[in-house]
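The values are calculated or read from the model by the stated rules, or taken from the named source; none is laboratory data. Just so you know, these numbers come straight off a predicted model, no measurement behind them. FYI the Cβ positions are ideal-geometry reconstructions off the backbone, even for glycines, and counts take in every protein chain you see. To get the accessible areas, we keep the full protein, side chains included, count just its heavy atoms, and leave off ligands, DNA and RNA. Shrake-Rupley method; radii C 1.70, N 1.55, O 1.52, S 1.80 Å.
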Amino acid sequence: MQYSRRTFLARSTLVAASSTVAYRLAADDLSKNDRPTVALIGAGWQSDTKRRGRGIAIGQQATAFADLPVICELDSEAGEFAREQLTEGRAELVNDYRRVLDRPEIDAVLIATPDHWHAKIAIEAMRAGKDVYCEKPVATTIEEGKKIRETVHQTGRVFQVGTQQRSEYDSRFLKAIALVRDGRVGKLQRIHIGLGPGWEGGPFQTESAPASLDWERWLGPAPLTDYIKQRTHRTFRWWYEYAGGQICDWGAHHVDIAQWAIGQQDGGPREVGGTATWNQPLTETGMPTRSDSYNTPIDFSVTCQFPNDVEMVIDAGRNGITFEGDQGRFFVNRGTLEGVPVQALRQRPLPEDAITRLYNGKPPVSHMQNFMECLKTRATPISDIDSHHRILTTCHLANLSLRLNRTLKWDAKAERVSGDDVANALMDRSYRSGYEIEGV
């Protein structure tokens, strides 16, 4: 379903307001002198239908814990709206993220730009001495993820990925992981991950970019191309130049939970392969043949073979995760945790520390609160770059196998596709002159 700008703004305001109420009580415990100073990079016209609000809701969560003196946004209309909603017009509005990184009083940045900007901004922010909260997926390629991981380790900065299923939604996903690890489905055999289908669309018309948007800079590292409104805002994710479609969007959430459940936070699949339908034909090397139509998968089904004989199927079915073992199965998504093993918890609850063991020995808090606490303690956040890079690699491999229409064999230790030079070449991408990622 498409939303008008007016409808989206109204709904975003409601989402942001409700998010703030949820965390205000905990934030009030913080002394004014303890509040860090953060900047929001990418306020965005992002969809509220994914229950996260993206840049705007994150800003509201952050302002419950931190001061927000500056907002960076390339669309002046979106920036003005965010400034009013988040700071009642007090924040300075800039359109160049480097002016944020130049400011010594900024402790951390919240990155909610389109995906193709994440890696460059995050790496430069850490090298400028800033901690980082970055929306998922943090990288558009496997090599970008490796570069971010390397920079986190080199700089020692706190880096939280915006995968809120690790913290929120009534701990449903943490309970799901605990059920698997406590043997409540017996020996785990299969994980089915439904993401819903990608979007159909195109051919679209080119037109002049709106006066409020700096289109050339919005493109940034991506190839220079004529403006098509469907390339921007919410629908940027259906173009491989800027994102990874449904597989990297929702997959970054659900594959994360699945690999955490099976202890593959630092591993990966052995083999990945599947089929998909597309908005346009692709070349033999996985590249789009048209510039006026979406080019990420619509309908898809990918099978990933993991160690210990666990099969993970990622497809366009009902959004959520089904864990299947030789003694039972259950389903979890953001709205429900259901199945016979879940019902059995009434008679045989999980161990008292089952959830806190997953959450670094502490009771879960909001995702943003976890990040803010780590700014002070310098502890590793609940959604760390090492595990996120590994699960996102699975998503990227799924996309690569679909683009190339063949099964890929993955060497998780070497982080290379075995015997496939074309696939390995697609693990990285070229950057437009002036927008390269430097220093790594």
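Summary of values
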{"quantity": "Checklist (1) open to solvent by 30 Å² or more (accessible area, probe 1.4 Å); (2) in contact (Cβ under 8 Å) with a residue 12 or more places away in the chain applied to A119, failing item", "calculated": "(1)"}
{"quantity": "Scan of the range 367-408 for residues that are touching a Gly at 6+ places or on another chain (Cβ under 9 Å) and surrounded by fewer than 17 Cβ atoms within 10 Å (Cβ to Cβ), ordered by number", "calculated": "R378, N405, R406, T407"}
{"quantity": "Residue that is surrounded by the most Cβ atoms within 10 Å (Cβ to Cβ), among those in the range 153-190 that are closer than 27 Å to I111 by Cβ and of a type in the set (S, T, N, Q)", "calculated": "Q160"}
{"quantity": "From L101, L93, L86, L74, residue being in contact with a Ser or Thr (Cβ under 6 Å, 6 or more places away or on another chain), open to solvent by 10 Å² or more (accessible area, probe 1.4 Å) and of a type in the set (A, V, I, L, M)", "calculated": "L86"}
{"quantity": "Members of the range 238-267 that are in a loop (DSSP other than H, G, I, E, B) and either touching an Asp or Glu at 6+ places or on another chain (Cβ under 8 Å) or on the phi > 0 side of the Ramachandran plot (or both)", "calculated": "Y242, A243, G244, G263, Q265, D266"}
{"quantity": "Residue within the range 129-148 that is at pLDDT 95 or above, in contact with a Leu (Cβ under 8 Å, 6 or more places away or on another chain), open to solvent by 20 Å² or more (accessible area, probe 1.4 Å) and not charged (D, E, K, R) present", "calculated": "no"}
{"quantity": "Among residues of the range 210-229, those that are surrounded by 19 or more Cβ atoms within 10 Å (Cβ to Cβ) and farther than 17 Å from T140 by Cβ, counted", "calculated": "2"}
{"quantity": "Any hit, the range 305-312, residues being part of a loop (DSSP other than H, G, I, E, B) and either within 23 Å of the chain's Cα centre (by Cα) or of a type in the set (V, I, T) (or both)", "calculated": "no"}
{"quantity": "Some residue of the range 204-211 being touching a His at 6+ places or on another chain (Cβ under 6 Å) and among the hydroxyl-bearing types (S, T, Y)", "calculated": "no"}
{"quantity": "In the range 413-437, the residues that are under 15 Å from E143 (Cβ atoms), assigned to a loop (DSSP other than H, G, I, E, B) and in contact (Cβ under 8 Å) with a residue 12 or more places away in the chain", "calculated": "E415, L426, M427, D428, R429, Y431, E436, I437"}
